[in-house]
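The values are calculated or read from the model by the stated rules, or taken from the named source; none is laboratory data. Because the structure is predicted, anything quoted here is derived from the model rather than measured. Positions of Cβ are generated from backbone atoms using ideal geometry, with glycine treated the same way; all protein chains shown enter the neighbour counts.
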Amino acid sequence: MTFATLGLIEPLLRSLETLGYQTPTPVQAQAIPAVLAGRDLMAAAQTGTGKTAGFALPLLQLLAMEGPKVTANSVRALILVPTRELAEQVHEAVRQYAENLPLRTYAVYGGVSINPQMMKLRSGVDLLVATPGRLLDLFRQNALKFNQLQTLVLDEADRMLDLGFSEELANIYRALPKKRQTLLFSATFSDDIRLLAGQMLNDPLSIEVSPRNVAANTVKQWIVTVDKKRKPELFVHLMRKGKWKQVLVFAKTRNGVDALVEKLQGLGINADGIHGDKPQATRQRALDRFKASEVQILVATDVAARGLDIEDLPLVVNFDLPIVAEDYIHRIGRTGRAGSTGEAISLVCADEVNLLSAIEMLTRQTLKRQSEPDFEPEHRVPDTDASGQVIKKPKKPKKPKASGGGGGKRNLGKWVDSGEVAPAEPSIKPVRKVPVFNTGPRKRKP
Ligand code: AMP
C-alpha cells in the first residue's frame, strides 16, 4: 500500500517524499480514506504510531480541495491539543505536510503574549492548532470566529481531560457549528472519553491500531525496587553503569524535577529540567538542546513532556511512577517510536506499590523486577501482578534466625502464586478518576 493508493493528492505526496515517508502506518491506512470521505473518527492510537499524519494529511487535502476561502478572523479546521509543546510539534508536522499547498496554518497556546496571535488571526487561518485555554481567550476577545469551521480534531483527548480541560472543551464545543466533521484521537479510552465521544461524534468510525491500553511492545520495560530516599543515588549509579547517553526522566512534581536536576548538575552531569512553572521559552530551549544532544538528561513532569517527539530516544526513566496509570503508557511512548526499540526503567519504592499495581493492571502485564546490588530496599515493595492485586506478604510465624544462604537479596519473588489467592475485593482502588466532562474546576498542572 502507498500514500497514493489512499487517495492523497500530488502536492502532499511530494511533501511525504521529501520527509522520507514511504509506507503508510496502520493508523494512517485506516484514518486517511475515512477522513477524506468525511467520516467522524474515534481513533485509539498511541503516540509514535504516526497518528498526526493520519489526521493532518487528509485534513489538509479537504481544506485545499473544498470549501470557501477563509475570511477575516475565521478558522476552517481546528486541532486541539493538551500542551504548548504538542501544539508546536503538531504545527511543525502540519507545516511540513502543507509545504506545497496554498494554505495558511498557525498554532496558538498560552504562556506567551496574546497580541501577536491576535494580529496573525486577523486575516484568518485555514488550519489552527491550539490549546483549549488560549483558544477560548482568543474567542472571547473576538479574535476568532468559528462560522467557517468544518473540522475539529481532538488530539490526545484523554490527556486533555486528565489536565482538567473538560470545562474549556465544553465551552468550545458550544461555540462550534453543529454541522462539522470531528476526529477524536486518544491513546487510551476511559469511560469519560467514551462519554465525550458520545457527545461530540456523529456515527464515528472506530479505529484501534493497537490493543487497548497496551504499551508499545517495542519498549523493553522493567522496574528496579529501591527505598525512596535512595532514588537519586540509584539513578546516578544506573546511569554510570549503563553509560546512558540520552535519557528522558519523569518526576512527579515540579519540585522533584528541580531537586533531581540540581543534584545531577552538582555532580557535573549535563542535565536540565522542564515543568509547568518554567517560561515557555526556557522549556523550548531545554527541549531543543536535549534533542540536539547538547543536554544528556532531561527531567520533566508529565505535562511538560506530553507528546514530545524525539527521534530515536533510547531510554525513558520513571524516577517516580505517575499518579495516573495511563501516563505510564504516554511516558514510555517517548521511546520505541515508529518501530525502533527502546527501554523504560522505573524506580519504584514501597510507597508506590498501588501505582505500580494500577499500571500493571492497565497494561495487562507484570513488570519484570530487578533489584540492584547494594540498593535493595529496606522497605520491601510488595509483589504485584497484572490482576491489579497487591500481594501482601503473609505474617510469618517467628522463627529463630537461620544462618547462611540468601546472598543478601530481599526481593525474592512471590510469596503466593497469583493464581492461588483470589481475595473477594481487590486490595487497591483504581488510582485515577478523571473529571467528568462538563463539570468541575480546572486542576492545577503538576
Ligand atoms: P506521531 O505518532 O504522529 O507522533 O509520529 C511519530 C513519528 O513517526 C514522527 O516522527 C513522524 O514524522 C514519523 N512518521 C509518521 N508517519 C510515518 C510514515 N508513514 N513513515 C515514516 N515515518 C513516519
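Some observations on this one:
- Residue match in region 95-108 (condition: without any contact (Cβ under 8 Å) to a residue 12 or more places away in the chain and within 12 Å of the ligand (Cβ to nearest atom)): no
- Subset of region 334-349 (residues that are surrounded by fewer than 23 Cβ atoms within 10 Å (Cβ to Cβ) and at pLDDT below 95): R337, A338, G339, S340, T341, G342, E343
- Only one of the numbered conditions (1) within 16 Å of the ligand (Cβ to nearest atom); (2) in contact with a strand residue (DSSP E or B) (Cβ under 6 Å, 6 or more places away or on another chain); (3) on the phi > 0 side of the Ramachandran plot is violated by E156, and that is (2).
- Highlighted here would be helices (runs of 4 or more DSSP H) found entirely within region 110-226 that include at least 3 residues which are closer than 30 Å to H237 by Cβ, but there are none.
- A187 being buried (at least 19 other Cβ atoms within 10 Å of the Cβ), in the same structural domain as L36 (by TED's automatic domain parsing) and closer than 23 Å to V299 by Cα: yes
- Selection count where residues are modelled with pLDDT of 90 or more, over 12 Å from L196 (Cβ atoms) and within 22 Å of the chain's Cα centre (by Cα), scope region 156-171: 3
- Summed over region 314-336, residues that are farther than 13 Å from K220 by Cα and assigned to a loop (DSSP other than H, G, I, E, B) total 6.
- Some residue of region 246-264 being surrounded by 14 or more Cβ atoms within 10 Å (Cβ to Cβ), in contact with a Leu (Cβ under 9 Å, 6 or more places away or on another chain) and farther than 30 Å from R134 by Cβ: yes
- In this structure, A45 does satisfy being within 22 Å of the chain's Cα centre (by Cα), crowded, with 22+ Cβ neighbours inside 10 Å, of a type outside the set (F, W, Y) and modelled with pLDDT under 95.
- Matching option when the condition is in the same structural domain as P68 (by TED's automatic domain parsing), within 24 Å of G48 (Cβ to Cβ) and more than 21 Å from the chain's Cα centre (by Cα), among L127, L136, L152: L127
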